[in-house]
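Below you'll find the structure, written out as structure tokens, and then a few comments.
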Amino acid sequence: KQEVTQIPAALSVPEGENLVLNCSFTDSAIYNLQWFRQDPGKGLTSLLLIQSSQREQTSGRLNASLDKSSGRSTLYIAASQPGDSATYLCAVRPHSGYGGSQGNLIFGKGTKLSVKP
Amino acid sequence: AAGVIQSPRHLIKEKRETATLKCYPIPRHDTVYWYQQGPGQDPQFLISFYEKMQSDKGSIPDRFSAQQFSDYHSELNMSSLELGDSALYFCASSLSPTEGRRFFGPGTRLTVL
């Protein structure tokens, strides 16, 4: 059964720091991995999507990497800003050929990031 | 750019009542997914639809049902509400079941008293 773990559960950094959020998954048979941002009580904003055949994706100050064989992904945030404060969730889509399903995204519990001015 | 629309945004119901949540996907998106996120929990997949047919089923209780209509909007019907049904209910859409990126709506916060 696919399980997604995010470490750390919470992170507090001063403004301007570069930081890395970690995501690991137990079954490497994934279709893709997606990083989301969630503000308190709000919806999920898609940040980056990495297909299983890709190694990384970049968008602005964000860079996400994927090492499928080791079951790991990282989200790198450069020059953090107070506006980056939110919970960051990673989610994997299991490969349907391995007992997974096309509908299901399996989420980690998130890393709550706080960037202090 | 148009996003996923959900209504209502907030809903308060009593135990054993029914509720209907609506989701309007991004234009041209034919696939809709429903997720439930309890307080402090990660989102859990409930059910999905592709071209008005149920395409996948997750941890949706038997008390809940859903459908997708000809205009691709979807409704989640919840009956015999329980206190534990209080949660954020998200709808997401994608261009197709195979197109990876899911776009989530702002959610409906359901409170059952």
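The values are calculated or read from the model by the stated rules, or taken from the named source; none is laboratory data. Here the structure is a predicted model, which is why all the values come from computation and not from measurement. Backbone-built Cβ (ideal geometry, glycine too); neighbour counts: all protein chains shown. For the accessible areas, the whole protein counts, side chains as well, though only heavy atoms, and no ligand, DNA or RNA atoms are used. Shrake-Rupley method; radii C 1.70, N 1.55, O 1.52, S 1.80 Å.
Can you say whether B:PRO39 is more than 11 Å from the chain's Cα centre (by Cα), open to solvent by 40 Å² or more (accessible area, probe 1.4 Å) and at pLDDT below 90, as far as the supplied structure shows? Yes: the conditions hold for B:PRO39.
Being more than 10 Å from chain B (Cβ to nearest Cβ) and within 27 Å of B:HIS10 (Cβ to Cβ) is a description that does not apply to A:LEU62.
Name every residue in the stretch B:99-111 that is open to solvent by 10 Å² or more (accessible area, probe 1.4 Å) and either part of a strand (DSSP E or B) or more than 7 Å from chain A (Cβ to nearest Cβ) (or both), in order of residue number.
Within the stretch B:99-111, B:GLU99, B:PHE103, B:PHE104, B:ARG109, B:THR111 meet the criteria.
The number of residues in the stretch B:77-98 being in contact with a strand residue (DSSP E or B) (Cβ under 6 Å, 6 or more places away or on another chain) and more than 14 Å from chain A (Cβ to nearest Cβ) comes to 5. Taking the stretch B:46-94 and the strands (runs of 3 or more DSSP E) fully enclosed by it, the elements with 1 or more residues that are without any contact (Cβ under 8 Å) to a residue 40 or more places away in the chain and open to solvent by 60 Å² or more (accessible area, probe 1.4 Å) are at B:53-57, B:64-68.
Listed here are the residues, each with its yes/no results for (1) among the acidic types (Asp, Glu); (2) in contact with a Lys or Arg (Cβ under 9 Å, 6 or more places away or on another chain); (3) in a strand (DSSP E or B).
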site: A:VAL13; (1), (2), (3): no, yes, yes
site: A:ASP27; (1), (2), (3): yes, yes, no
site: A:PRO40; (1), (2), (3): no, no, no
site: A:SER46; (1), (2), (3): no, yes, yes
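The set of residues from the stretch A:42-51 being facing another protein chain (nearest Cβ under 7 Å) and over 16 Å from B:PHE45 (Cα atoms) comprises A:LYS42, A:SER46, A:LEU49, A:GLN51. Per the listing A:GLY83, A:GLY16, A:GLY108, A:GLY41, the residue uniquely of a type outside the set (S, T, N, Q), within 29 Å of B:VAL32 (Cβ to Cβ) and open to solvent by 40 Å² or more (accessible area, probe 1.4 Å) is A:GLY41. The condition (being small (Gly, Ala, Ser) and under 26 Å from A:GLY108 (Cβ atoms)) is satisfied by just one residue among B:SER94, B:SER65, B:SER80, B:SER70: B:SER94. Residues that are open to solvent by less than 30 Å² (accessible area, probe 1.4 Å) and either closer than 17 Å to A:GLN38 by Cβ or touching a Ser or Thr at 6+ places or on another chain (Cβ under 7 Å) (or both) within the stretch B:12-25 comprise B:LEU21, B:CYS23, B:PRO25, listed in sequence order.
Against the list (1) modelled with pLDDT under 95; (2) more than 10 Å from every other protein chain (Cβ to nearest Cβ), the condition B:ALA66 fails is (1).
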